[in-house]
Amino acid sequence: GDLFAALAPAATARWLASALEFVSAPLLLLSIVSAILCARRHRGAVLEVAATAAVCSVASPLMGFAVYFCVLHSWRHVDRTRALYALTRADVARAAAMPTAATAAAAAAAWALVDWDSFEAGVLRVVFVGLAALTVPHMLLIERVRARGWKPRGVLAGG
């Protein structure tokens, strides 16, 4: 509730925290059942869900989200792009350097401007305002690549 209150009005934050607490056990059970049913066919996905659930059950919400987003979600995009375009790790590092530097500069500016009620609330504001600003460009880029069938530009879908 305190973390949500850093991003939303207190009454909304309390309601959201209560609602999530109410559905957490059924969702955990549903996740476990789904993982069992899909374990043979989608082993990597099941391991990813299990690892995420384990981290999120012992870490703070902010740390759980950071681990999921930075380690699993972002890595999947980077690895898919690297494989899709047959890039070396050095190619990926060079391509990521400017966007990473720009994001770091924007985060530093936000860090200086944010209202610091507490460290965790301040980090939450910087992270989620940053994510909100990057979500639409990210989704447009991903959708454009997905619409090509995850093929590099110039490669025909049929072969």
Query raised in the report: Which one of Val114, Val92, Val58 has the biggest mean-square fluctuation once the chain is modelled by GNM with Cα springs under 10 Å?
Result: Val58
Query raised in the report: Average projected area of the Cα convex hull of region 1-150, in nm²?
Result: 11.2 nm²
Report summary line: For the chain, the charge dipole (Cβ of Lys, Arg +1; Cβ of Asp, Glu -1; about the Cα centre) points to a positive end, and the Cα of Val23, Leu124, Val136 closest to that extreme belongs to Val136
Report task. Divide by every residue of the chain the summed helix terms, -39500 (n - 2.57) for each DSSP H run of at least 4, and state the resulting mean residue ellipticity at 222 nm, rounded to the nearest 500 deg cm²/dmol. Result -> -25500 deg cm²/dmol
Report task. Keeping every protein chain in place, order His42, His138 by accessible area at 1.4 Å, biggest value first, i.e. largest first. Result -> His42, His138
Query raised in the report: Applying the Karplus parametrisation 6.51 cos²θ - 1.76 cosθ + 1.60 with θ = phi - 60° to the phi angles of region 56-69, what ³J(HN,Hα) value in whole Hz is obtained for each residue in order, glycine and proline being reported as x?
Result: 5, 7, 10, 9, 5, x, 5, 5, x, 5, 4, 5, 4, 5
Report summary line: Ordering Leu16, Leu113, Leu131 by the accessible surface of their heavy atoms, 1.4 Å probe, largest first, yields Leu113, Leu16, Leu131
**Report entry** Förster-model FRET efficiency, 35 Å R0, Val129 and Ile32, C-beta, rounded to 0.05
**Finding:** 0.55
**Report entry** Euclidean distance of C-alpha centroids, region 27-48 and region 6-22, integer Å
**Finding:** 28 Å
Report task. With label points built 7 Å along Cα→Cβ from the Cα atoms of Ala102 and Ala86, find their separation and express it in nm. Result -> 2.8 nm
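The values are calculated or read from the model by the stated rules, or taken from the named source; none is laboratory data. Note that this is a predicted model, so its numbers are computed, not measured. Backbone-built Cβ (ideal geometry, glycine too); neighbour counts: all protein chains shown. Accessible surface areas use protein heavy atoms only, side chains included; no ligands, DNA or RNA. Shrake-Rupley method; radii C 1.70, N 1.55, O 1.52, S 1.80 Å.
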